[in-house]
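Student: Handing you this structure, nothing more for now.
Derivation of every value follows stated rules applied to the coordinates shown; laboratory data play no part. Just so it is clear, the model here is predicted, and its values are computed rather than measured. Using ideal geometry, Cβ is built from the backbone for each residue, glycine included, and neighbour counts are taken over all protein chains shown.
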Amino acid sequence: MLNFTVGPVMSAPEILEVTGCSAPYFRTPEFSEIMFENEKLMLEMMNAPEGSRCVFLTASGTGAMESCVMNILSDDDKVIVINGGSFGARFAELCRLHKREIFEVKCEFGKQLRREQLQGLEDCTALLINMHETSSGVLYDMKMVSDFCKENGILLIVDAISAFLADELDMKGLGAAAVITGSQKALAVFPGISIAALSPEALERIEKNPERCMYLSLKAALLDGKRGQTPFTPAVSTLLQVNKRLRLIMEAGGPEAERERIAKVAKDFREGIKDLPFEPVSESPSNAVTSLHPTTASAKEIFRILKDEYDIWICPNGGEYAETVFRVGHIGNITDADNKKLIDALKELQKREII
Ligand SMILES: *Cc1c(COP(=O)(O)O)cnc(C)c1O
């Protein structure tokens, strides 16, 4: 099976080897050492500011999103939520659920956020954004968003779940209070872990805020993290894979080299499909994903045929775009040779007059 979805994605053989055994017991100094290294490497790779911490929650990416909404924001915040697709809508929903006062900025599907859309929101106190809105494939203009937040003293929380390692990400440069990612996207290990890097400003807010939950408590995660542990049994095997993967990235030249590799895979795919009847959906594509609108066939049908007849998985869209948009991921253990197999299959669909 060739997996071009946006997560879980294909893992490298070295990663699969890590979990070829039962999960080890974790309340040990050995496991703590691994967690210390995970924290150190994650902070380094995100270029987190001095004094930042990083927590590893056993949850999918949404766990860290919810945890940040609960633990970093407070009842007094006025929160801007950028909503350009299903992940932006999720942030808005989380804010509503946790009774945050929100100002939703809606972006047309596939369209870039423009500075004018933020006008009048200067007195807000926090901004939540999915750096790469994975449902539409839009990589937001983070420099513009960061400048807006800096100019107005607004706390910036970045969901970089699908952008981490795929697109340029500099936590310090952005002045972000929190940057979130997850294990099953470009980290390309098994699902189960969501990660949040927290700046000193976020840490201070977490410390001050009243406890609102137990399982997703950042205060508890930070406290246990000081000894390389987690409050509850974590996804031990996934954390071991995270460690292996972070080490492999460092050995291969660091996050920049990984980003360039993913960018090359994306470019190779985009060039290969130029003559096919697909329109790009995103006016500002991330390296992680190419979102496409097939002009001659149903997106859902293309997904089904590739899966059933070619054993190739692309990523179907959901909801109102299920028939009109599909996405091809470039993250995970994908090579140009894999791209060729997908492109050849798509060309065959054209010959068969399916597309
Ligand atoms: C994948 C993803 C998430 C989290 O999804 P989970 O299914 O909870 O892991 C959140 N935001 C973005 C931008 C994503 O790509």
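Student: Would you work out the relative contact order for the chain, in percent, from Cα pairs under 8 angstrom that are 6 or more residues apart? Walk me through the intermediate numbers first.
Tutor: Values: 706 pairs, mean separation 88.3, N = 355.
Once divided by the residue count of the chain, the mean separation gives 25 percent.
Student: Before anything else, pin down the relative contact order of the range 254-351: Cα pairs under 8 Å, at least 6 apart, normalised by residue count, whole percent. Don't jump to the answer; show the numbers that get you there.
Tutor: Working: 121 pairs, mean separation 29.9, N = 98.
Relative contact order for the range 254-351 comes out at 30 percent.
Student: If you don't mind, there's one more thing I want to ask. Would you work out the relative contact order for the range 158-281, in percent, from Cα pairs under 8 angstrom that are 6 or more residues apart?
Tutor: Values: 108 pairs, mean separation 28.8, N = 124.
Normalised by residue count, the contact order of the range 158-281 is 23 percent.
Student: Among H330, H98, which comes first, then next, by fewest other beta-carbon atoms within 10 Å? Let's see the in-between values first.
Tutor: Numbers: H330 28, H98 15.
Final ranking by Cβ density, sparse to dense: H98, H330.
Student: Using modelled amide H (1.01 Å from N, peptide plane; none on Pro or chain starts), what sits under 5 Å from the amide H of E104, excluding residues fewer than 5 places away?
Tutor: Counting only residues 5 or more places away or on other chains, the set is V81.
Student: Of the listed peptides 45-54, 271-280, what is their order by residue-averaged count of other C-beta atoms within 10 Å, with the highest listed first? Intermediate results must be reported in sequence, preceding the final value.
Tutor: Numbers: 45-54: 19.2, 271-280: 14.0.
The densest-packed peptide leads the list: 45-54, 271-280.
Student: Counting other C-beta atoms within 10 Å, which of Y215, Y140 has the fewest, and how do the rest follow? Mind dumping the intermediate values first?
Tutor: Details: Y215 13, Y140 23.
By the 10 Å Cβ count, ascending: Y215, Y140.
Student: Determine the calculated [θ] at 222 nm for the chain from helices alone, applying -39500 (n - 2.57) to every DSSP H run no shorter than 4 residues and normalising by the residue count; nearest 500 deg cm²/dmol. Spell out each step's value before the answer.
Tutor: Working: 12 runs with 141 residues, N = 355.
Rounded to the nearest 500, it is -12500 deg cm²/dmol.
Student: Let me ask something else. State, to one decimal in nm², a quarter of the convex hull surface area for the C-alpha atoms of the range 254-351, i.e. the direction-averaged projected area.
Tutor: Details: hull surface 25.6 nm².
Seen from a random direction, the Cα hull of the range 254-351 projects 6.4 nm² on average.
Student: Sticking with this structure for a sec: Using alpha carbons only, how many degrees (0 to 90, rounded to 10) separate the axis of helix 29-45 from the longest principal axis of the chain?
Tutor: 70 degrees
Student: Another one. Looking at the chain only, what percent of DSSP beta bridges run antiparallel? Nearest 5 please. Before the final figure, lay out each step's value.
Tutor: On the way: 23 of 42 bridges.
Around 55 percent of the beta bridges assigned by DSSP in the chain are antiparallel ones.
Student: Right, here's the next one. What translational diffusion coefficient, in µm²/s and rounded to a whole number, does the Stokes-Einstein relation yield for the chain at 25 °C and a viscosity of 0.890 mPa s, taking the hydrodynamic radius as the Kirkwood radius over Cα pairs?
Tutor: Reported coefficient: 118 µm²/s.
Student: Can you give the log10 of the normalised intensity I(q)/I(0) at q = 0.21, 0.22 Å⁻¹, computed with Debye over equal Cα scatterers of the range 199-266?
Tutor: Here log10 of I(q) over I(0) equals -0.93, -0.95.
Student: Name the residue from P234, M250, S60 whose Cα lies farthest towards the positive end of the charge dipole of the chain, charges +1 on Cβ of Lys and Arg and -1 on Cβ of Asp and Glu.
Tutor: Farthest towards the positive end: P234.
Student: With θ taken as phi - 60° and the coefficients 6.51, -1.76 and 1.60, list the Karplus ³J(HN,Hα) couplings across the range 199-205 in order, rounded to whole Hz; mark glycine and proline as x.
Tutor: Per residue, the Karplus-derived 3J(HN,Hα) values read 6, x, 5, 5, 4, 5, 4 Hz.
Student: Between P13, H98, F87, whose Cα lies farthest towards the positive end of the dipole of the chain when Lys and Arg beta carbons carry +1 and Asp and Glu beta carbons carry -1, centred on the Cα centre?
Tutor: Final value for the positive-end residue is P13.
Student: Using the alpha carbons of the range 68-136, what is the convex hull volume per residue in cubic angstrom, as a whole number? Could you put the intermediate results ahead of the total?
Tutor: On the way: hull volume 5.2 nm³, N = 69.
Each residue corresponds to 75 Å³ of Cα convex hull volume.
Student: Further question on the same structure: Which angle between 0 and 90 degrees, to the nearest 10, do you get for helix 254-272 versus the longest principal axis of the chain when only C-alpha atoms count?
Tutor: 30 degrees
Student: Can I ask one more? Going by how many other beta carbons lie within 10 Å of each one, how would you line up S237, S74, fewest first?
Tutor: Values: S237 19, S74 15.
Ascending number of Cβ neighbours within 10 Å: S74, S237.
Student: If amide H atoms are built 1.01 Å from N in the plane of the peptide, which residues on other chains or at least 5 residues away come under 5 Å of the amide H of G182?
Tutor: Correct list: I195.
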